[in-house]
């Protein structure tokens with residue numbers, strides 16, 4: 001099950017807001033040695049605002065082991081702020097119906113049998129969230145094989161690979177209907193609905 005919350009609703013989810021920052025610190029700062037902002041074992045950036053939605057997978061101890069952060073492209077977002085050159089035609093999305101997905105990570109210390117379900121569930125949750133909010137698709141920056149392994153069709157690559165934080169990565173757009181990793185969901189028996197909302201955490205509806 002994937003839980004969704006924002007800064008405004010994080011109090012309904014124990015310490016999930018801090019726990020996702022700890023996971024980010026472990027993945028990006030400690031393991032990958034990236035020069036990301038951090039404080040006392042918590043990784044953060046300027047996009048951790050009230051506008052962000054966090055989708056998290058938590059274990060039985062309520063520790064975040066998987067994460068994806070969503071931001072509407074109407075405000076500041078990473079691709080536009082840091083890597084606009086990755087979009088070859090220069091047309092960067094600015095729509096309440098297109099969301100950027102960032103800070104995607106999974107804890108490698110989780111048992112492999114369990115770990116293999118976390119990223120597919122996160123993708124399913126992203127699709128569910130966008131469907132509830134009438135979203136048309138997601139954008140982001142990733143290593144090509146990581147996304148193509150799960151999303152077998154529908155990916156639109158927005159430019160050629162470039163070296164980003166030590167890895168060859170590409171900007172992408174995936175329409176909402178193509179986000180669910182159908183093959184993996186069948187193999188891993190992932191149900192049609194994986195997204196859980198706490199009190200007052202439903203996505204804000206946008207005008208049609």
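The values are calculated or read from the model by the stated rules, or taken from the named source; none is laboratory data. None of the values given here were measured: they were computed from a predicted structure. Positions of Cβ are generated from backbone atoms using ideal geometry, with glycine treated the same way; all protein chains shown enter the neighbour counts.
Considering 141, 151, which residue is within 16 Å of residue 104 (Cα to Cα) and assigned to a loop (DSSP other than H, G, I, E, B)?
Working: 141 fails: assigned to a loop (DSSP other than H, G, I, E, B).
Result: 151 is the single residue among 141, 151 that is within 16 Å of residue 104 (Cα to Cα) and assigned to a loop (DSSP other than H, G, I, E, B).
Where the second residue is exposed (fewer than 15 other Cβ atoms within 10 Å of the Cβ) and at pLDDT 95 or above and the first is closer than 18 Å to residue 77 by Cβ and lies in the stretch 137-160, which pairs have Cβ atoms under 6 Å and are six or more apart or on separate chains? What qualifies is 159/88. All conditions in (1) free of Cβ contacts under 8 Å to residues at least 60 places away in the same chain; (2) in a helix (DSSP H, G or I); (3) in contact with a strand residue (DSSP E or B) (Cβ under 8 Å, 6 or more places away or on another chain) hold for residue 122, with the sole exception of (1).
Restricting the stretch 137-154 to residues that are surrounded by fewer than 17 Cβ atoms within 10 Å (Cβ to Cβ) and in contact with a strand residue (DSSP E or B) (Cβ under 6 Å, 6 or more places away or on another chain), the residue that is nearest to residue 125 (Cα to Cα) is 154.
On the basis of being modelled with pLDDT of 95 or more and within 14 Å of the chain's Cα centre (by Cα), does residue 147 make the cut?
The answer is yes for residue 147.
Where in the stretch 154-208 are the strands (runs of 3 or more DSSP E), entirely inside, with at least 3 residues that are at pLDDT 95 or above? So the answer is 162-164, 167-175.
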